[in-house]
Each structure stands twice: as structure tokens, then as C-alpha cells.
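The values are calculated or read from the model by the stated rules, or taken from the named source; none is laboratory data. Since this is a predicted model, take the numbers as computed values, not measurements. FYI the Cβ positions are ideal-geometry reconstructions off the backbone, even for glycines, and counts take in every protein chain you see.
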Amino acid sequence: MDPRQADTAAACLKAAEANAMTFPEIVGALMAVGFEGYEVDLRQARATYFLPSGEALALGCHESPVPVAPAFDAAAIQAAIREAQTLSPGYTYLGFCDKAKAAGCAGYMVSFTGRRALYFGRTAQTHVELFPGTA
């Protein structure tokens, strides 16, 4: 992994946490330097960025005091996703993570090539969210 890729991943993570970039902007920036996706582990406060070569970069991210609920509530996760997609008043990425954890989401994987995000719970229940415009 070259320094530009590592710097871009770190900058995108920082921008997400500061609400300085939207999800589509982050996806575009990461794709532009060759990443194929990333995973956020909400339990361990870690984001991992993946290159097609198999190389990966793990970065620590914000730690939330909200525990991951035992039950996976896909409807509540979808509602949090819709707030993010529409940038609802008061939306923040950190608030999104808290809502996702309260809804039983332990983490999520984003695939740029698959144009989707997969949210998963403690019991491996999942919700797949296609990127807008993907059929």
C-alpha cells in the first residue's frame, strides 16, 4: 500500500467522524486511490480498508459508549441509513453509529465493486443495503 492510499483512508475516516464528507464523497475518494471496500467493527472501534491485492489497512476509530444490543433490528438500522442518505437535520456519523449499535449492529462492510453495504449483528443476522441507484 502506498502512502497516498494510507493517507486517503485516514483522511476519509477523520472526515466521516467530523461530518466533513458524505458517504458518496468518501466512496469516491477511496475508489480513486484503488480501494475496493472497507469494514467498520463497531465493537472494537476499528475501520479496515481493503485493496484488491489483499493488502489492508486497519485504523482505530471513535469509541462509543453505546453497547451493541443483543437483538438485531433491521428496521431501525434502515431508518438510521435513510437519515444518513437524506442528511436529515441533526444527522452525524457518530450518531449514526450509536443508533446502529442500539439496533444490534456490530459492524458493517462496504463493497465498492458490489455497490452495497452489509450490516451484521452479534448473531450474524444481516441487512444488505444497495447503493442508491443500484437495481
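In the set A75, A100, only one residue is within 20 Å of L13 (Cα to Cα), in a helix (DSSP H, G or I) and either under 14 Å from the mean Cα position of the chain (by Cα) or modelled with pLDDT of 95 or more (or both); that residue is A100.
A search for C-beta distances below 7 Å between a residue of segment 38-57 that is farther than 17 Å from D7 by Cα and any residue that is of a type in the set (D, E, K, R) and part of a loop (DSSP other than H, G, I, E, B), counting only pairs 6+ apart in sequence or on different chains, returns A45/E63; P52/E36.
So which residues in segment 50-76 are closer than 19 Å to E36 by Cα and of a type outside the set (F, W, Y)? Before the answer, list the steps.
Step one: filter segment 50-76 for residues closer than 19 Å to E36 by Cα, giving 50-59.
Residues satisfying the conditions are L51, P52, S53, G54, E55, A56, L57, A58, L59.
From the list R122, R115, which residue is in contact with a strand residue (DSSP E or B) (Cβ under 7 Å, 6 or more places away or on another chain), surrounded by fewer than 17 Cβ atoms within 10 Å (Cβ to Cβ), free of Cβ contacts under 8 Å to residues at least 40 places away in the same chain and not polar (S, T, N, Q)? The unique qualifying residue is R115.
Going by the conditions given, is G90 out of contact with any Phe, Trp or Tyr (no Cβ under 6 Å at 6 or more places or on another chain), surrounded by fewer than 16 Cβ atoms within 10 Å (Cβ to Cβ) and not in a helix (DSSP H, G or I)? Yes.
Only one entry in L42, L59, L13, L51 is hydrophobic (A, V, I, L, M, F, W, C), touching a Leu at 6+ places or on another chain (Cβ under 9 Å) and farther than 20 Å from F131 by Cα, namely L59.
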